[in-house]
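Trainee: Pasting a structure here, questions to come.
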Amino acid sequence: MFVINEDKSIYTIKHDTAHFTVSIAPYELREGDILTFTVRKRYRSAVIIATNADEDGYFNIASSDYDGVEPGYYLYDIQLTTGEGEIFTLVPPSPFTIDIEITEEVADGRD
């Protein structure tokens, strides 16, 4: 489960894979542009999850991206860095909640 709410907050379950895109119309991504999704515990703390979108603006968060991440409350943002070096924050710091995963232990043969 990976839910992006109207207020831009995100709710997910630890280790759930996510695929999503960010619309920045009327701007179209150009060669050299980088869209970055970053999650931190709080301002200036260590990066918990970071991924760049592909050339079409799609982000992929893999199950393994959550390795070593505890369930809890975090902040994320999405930034565009143009090929010319301009920086634009597309989604300002917003809540990112990672909930516990119940099935993990059953699937691993533990209970």
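The values are calculated or read from the model by the stated rules, or taken from the named source; none is laboratory data. Computed from a predicted model, the values in this text were never measured in an experiment. Cβ atoms come from the backbone with ideal geometry, glycine included; neighbour counts cover every protein chain shown.
Trainee: Which residue is nearest to ASN5 (Cα to Cα), if the candidates are limited to the stretch 93-106 and must be surrounded by fewer than 14 Cβ atoms within 10 Å (Cβ to Cβ) and in contact (Cβ under 8 Å) with a residue 40 or more places away in the chain?
Mentor: The selected residue is ASP99.
Trainee: Among the residues of the stretch 45-72, write down those that are in contact (Cβ under 8 Å) with a residue 40 or more places away in the chain and in contact with a strand residue (DSSP E or B) (Cβ under 9 Å, 6 or more places away or on another chain).
Mentor: Scanning the stretch 45-72 gives PHE59, ASN60, ILE61, ALA62, TYR66, VAL69, PRO71.
Trainee: Residue check, PRO71 against (1) at pLDDT 95 or above; (2) more than 16 Å from PHE2 (Cα to Cα), all met but one. Which one?
Mentor: Failing condition for PRO71: (2).
Trainee: Something else now. Which of the residues that make up the stretch 18-34 are among the hydrophobic types (A, V, I, L, M, F, W, C) and exposed (fewer than 10 other Cβ atoms within 10 Å of the Cβ)? Talk me through it step by step, then tell me what you get.
Mentor: Of the residues in the stretch 18-34, the ones among the hydrophobic types (A, V, I, L, M, F, W, C) are 18, 20, 22, 24-25, 29, 34.
ALA25, the sole residue that qualifies.
Trainee: Anything in the stretch 35-67 that is loosely packed, with under 15 Cβ neighbours inside 10 Å and either more than 18 Å from PRO93 (Cα to Cα) or in contact with a Pro (Cβ under 8 Å, 6 or more places away or on another chain) (or both)? List them, or say none.
Mentor: Across the stretch 35-67, the qualifying residues are TYR43, ASP54, GLU55, ASP56, TYR58, ASN60, ALA62, SER63, SER64, ASP67.
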